[in-house]
């Protein structure tokens with residue numbers, strides 16, 4: 001029986017893959033934002049990138065994080081970074097990206113299912129995405145079964161933002177928080 005599922009595997013990120021992983025992640029994020037706003041976009045974190053090298057490196061380097069390359073038929077097409085808290089049975093999807101040339105092929109959804117299979121002990125997953133990322137919102141809600149549970153903005157800004165930074169918030173910094181409670 002033929003299946004429409006792509007042949008996706010997750011391979012732990014190796015040190016020699018790290019730089020390409022970071023560049024590919026930046027390209028995928030930039031693609032989504034420039035697709036939405038065009039090249040006049042001002043959502044950049046650093047050096048013309050939507051997501052900074054520092055943000056990605058911090059996600060990869062956290063003690064409780066796991067980083068994987070997403071492979072399609074053995075070739076790298078994306079990546080995922082997870083934070084796992086075994087004591088609380090809680091997982092956070094820090095980053096998930098697919099090469100824009102490979103979009104709309106079920107790669108992200110299949111990769112997410114692989115994450116869930118890899119971590120059956122996790123009872124609650126969370127992630128965030130910018131309010132303008134319609135593709136991501138569709139993906140998390142309609143494809144992966146997450147629910148929007150919170151909207152971060154300058155009046156309600158989430159725990160990671162120090163009070164002194166709240167004044168710097170703009171509409172462009174708004175985020176949705178997604179949660180998936182496993183059955």
Report yes if residue 26 is over 20 Å from residue 132 (Cβ atoms), modelled with pLDDT under 95, touching a helix residue (DSSP H, G or I) at 6+ places or on another chain (Cβ under 8 Å) and not in a strand (DSSP E or B), otherwise no.
no
Looking at (1) within 14 Å of the chain's Cα centre (by Cα); (2) not in a helix (DSSP H, G or I), which is the only condition residue 138 fails?
(2)
Just to be sure I understand, how many residues within segment 119-135 are modelled with pLDDT of 95 or more and within 14 Å of the chain's Cα centre (by Cα)?
3
Counting only residues that are more than 17 Å from residue 115 (Cα to Cα), surrounded by fewer than 15 Cβ atoms within 10 Å (Cβ to Cβ) and at pLDDT 85 or above, segment 143-181 contains a total of 5
Tell me which of these residue 121 doesn't satisfy, since it passes every other one: (1) surrounded by fewer than 17 Cβ atoms within 10 Å (Cβ to Cβ); (2) under 21 Å from residue 8 (Cα atoms).
(2)
Check segment 52-67 and report whether any residue there is farther than 22 Å from residue 145 by Cβ, touching a strand residue (DSSP E or B) at 6+ places or on another chain (Cβ under 9 Å), at pLDDT 95 or above and part of a strand (DSSP E or B).
yes
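The values are calculated or read from the model by the stated rules, or taken from the named source; none is laboratory data. Predicted, not measured: the structure shown is a model, and the values here were computed from it. Cβ: placed from backbone, ideal geometry, glycine included. Neighbour counts: every protein chain shown.
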